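J.: This is the structure, below, for whatever I ask next.
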Amino acid sequence: MTDFDERYEDYKRKFEIVLERFCNGLKCEPGKFNDSLKYSLQLGGKRIRPVLMLAVGELLNVPNEKLLNFALALELIHTYSLIHDDLPEMDNDDYRRGKLSNHKVFGASYAVLAGDGLLNTAYSVLFGECFKGNEYVSAAKYICDCAGINGMIAGQAADLLHENDKNVEEDTLNFIYENKTAKLLMAATVVPSILCGGKYYSELNTFGHELGCLFQLTDDILDVEGSFESVGKSIGKDKTEGKYTGVRLYGLDGSKLKADLLTDRCEGLLERFEGDVLFLRQLVNFVRQRIK
């Protein structure tokens, strides 16, 4: 295991303790609803948003204790979005992380309720943090804005609207990338800045944006080159469903070049920071080279 792997697993382990405590505390009725809430949270995954938040926090000397509930809320929001994204009325995917999607196990109605439940609980977690001070209020609002109608939801709406468009325009693709994917990664990078008085706010905002766009572009590439065994979900659906993707605009080879450019931008931004940015630099390359 490399130093990067060890640090990644350490950040992930710290978050998983909080997530496990949250799941163990769920005692909702009826039991089927309780099970549906926990199911998608416990499927695993990279947990890249909590890991990124804790790594940026370490760079800025923000204690884990100040960040972990924000990381939890962010992962609840991300998981709700995946549950709804997999529904037949959205992206219609039967698998997530190599296992059956929530709606395939519990039915579409319970999947909708599970997503709704996780989103509302995320906001409850964020409200709880707001009692700690003004900076916590600002951090909570930033996450809500990133997830809301001018953030992730707007990106998903545009993604649906532009399915099967004959032409792919870069401005529209950038809007989808920024909102559907990048906004939640920006939340992960910016919240630590807000909690320490706005240090490197602009740089971290831009870094989260570029990293999020890179993440979505590699996702588009994996839909062409990946496999179900590695990615854990259906492959080739973007082309079948006429999705608005980087591969449609740039071509496969062009998308890889664009991904390299985004990688360079992220690494260039990291040069502006004082302190140890090695892990974040390695994380950028992990996103660029990922196979799942």
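J.: Using the alpha carbon gyration tensor of the chain, what are the three equivalent-ellipsoid semi-axes (square root of 5 times each eigenvalue), largest first, in whole Å? Can you show the working numbers first?
T.: Values: eigenvalues 142, 130, 62 Å².
Semi-axis lengths for the chain are 27, 25, 18 Å.
J.: A further question on this structure: Can you sort Ile17, Ile149 by 1.4 Å-probe accessible area, starting with the largest?
T.: Values: Ile17 80, Ile149 135 Å².
Result, largest first: Ile149, Ile17.
J.: Please list, short to long, the whole-number percent of alpha-carbon pairs of segment 86-218 in consecutive 10 angstrom bins beginning at zero.
T.: Over segment 86-218, the share of Cα pairs per 10 Å bin runs 12, 32, 36, 18, 3, 0 percent.
J.: Which links in Lys38/Lys180; Lys104/Lys239; Lys99/Lys132; Lys38/Lys292 stretch past 30 Å when you go from one Cα to the other? Could you put the intermediate results ahead of the total?
T.: Details: Lys38/Lys180 23 Å; Lys104/Lys239 23 Å; Lys99/Lys132 39 Å; Lys38/Lys292 22 Å.
Distance filter (> 30 Å) returns Lys99/Lys132.
J.: Which whole-number percentage describes the relative contact order of the chain, with Cα contacts under 8 Å and a sequence gap of 6 or more? Walk me through the intermediate numbers first.
T.: Working: 394 pairs, mean separation 52.8, N = 292.
The value is 18 percent.
J.: Along each principal axis of its Cα atoms, how long is segment 208-277 end to end? Whole angstroms, biggest number first, please.
T.: So the three principal-axis extents are 45, 25, 17 Å.
J.: Additional query: May I ask you to compute the full-extension gain from Phe4 to Tyr123, defined as 0.36 nm times their residue separation minus their alpha-carbon distance, rounded to one decimal in nm? Working shown, then result.
T.: Numbers: separation 119, 0.36 × 119 = 42.84 nm, distance 3.21 nm.
Roughly 39.6 nm would be gained on extension.
J.: With a Förster radius of 25 Å, plug the Cβ-Cβ distance of Ile17 and Cys144 into 1/(1 + (r/R0)^6) and report the FRET value to the nearest 0.05. Each step should come with its number before you reach the end.
T.: Numbers: r = 25 Å, r/R0 = 1.00.
Efficiency for this residue pair is about 0.50.
J.: What percent do you get for the relative contact order of segment 1-119 when only Cα pairs under 8 Å and 6+ apart count? Please list the in-between numbers first.
T.: On the way: 109 pairs, mean separation 32.7, N = 119.
Dividing the mean separation by the residue count of segment 1-119 yields 28 percent.
J.: Turning to a different aspect of this structure: Would you work out if segment 149-292 is rounded, prolate or oblate? Take a ≥ b ≥ c from the square roots of the eigenvalues of the alpha-carbon gyration tensor; rounded if a/c is under 1.5, else prolate when a/b is larger than b/c, oblate otherwise. Don't jump to the answer; show the numbers that get you there.
T.: Numbers: a/c = 2.09, a/b = 1.53, b/c = 1.36.
The shape class here is prolate.
J.: Right, another one. Grab the DSSP H runs of the chain that are 4 residues or longer, score each as -39,500 (n - 2.57), total them, divide by all residues and round the 222 nm result to the nearest 500 deg cm²/dmol.
T.: -23000 deg cm²/dmol
J.: Could I have the simple spin-label model distance between Cys28 and Glu170, label points 7 Å from Cα toward Cβ, reported in nm to one decimal?
T.: 4.3 nm
J.: Once you have the Cα-Cα distance between Glu274 and Val224, take 0.36 nm times their residue separation minus that, and quote the gain in nm to one decimal. Kindly include the intermediate steps, with their values, before the conclusion.
T.: Values: separation 50, 0.36 × 50 = 18.00 nm, distance 3.84 nm.
My answer for the length gained is 14.2 nm.
The values are calculated or read from the model by the stated rules, or taken from the named source; none is laboratory data. Everything numeric here is computed off the predicted structure, so don't read it as measured data. When we count neighbours, we look across all protein chains shown, and the Cβ atoms used for this are built from the backbone with ideal geometry, even at glycine. We work out accessible area using only protein heavy atoms, side chains counted, and drop any ligands, DNA or RNA first. Shrake-Rupley method; radii C 1.70, N 1.55, O 1.52, S 1.80 Å.
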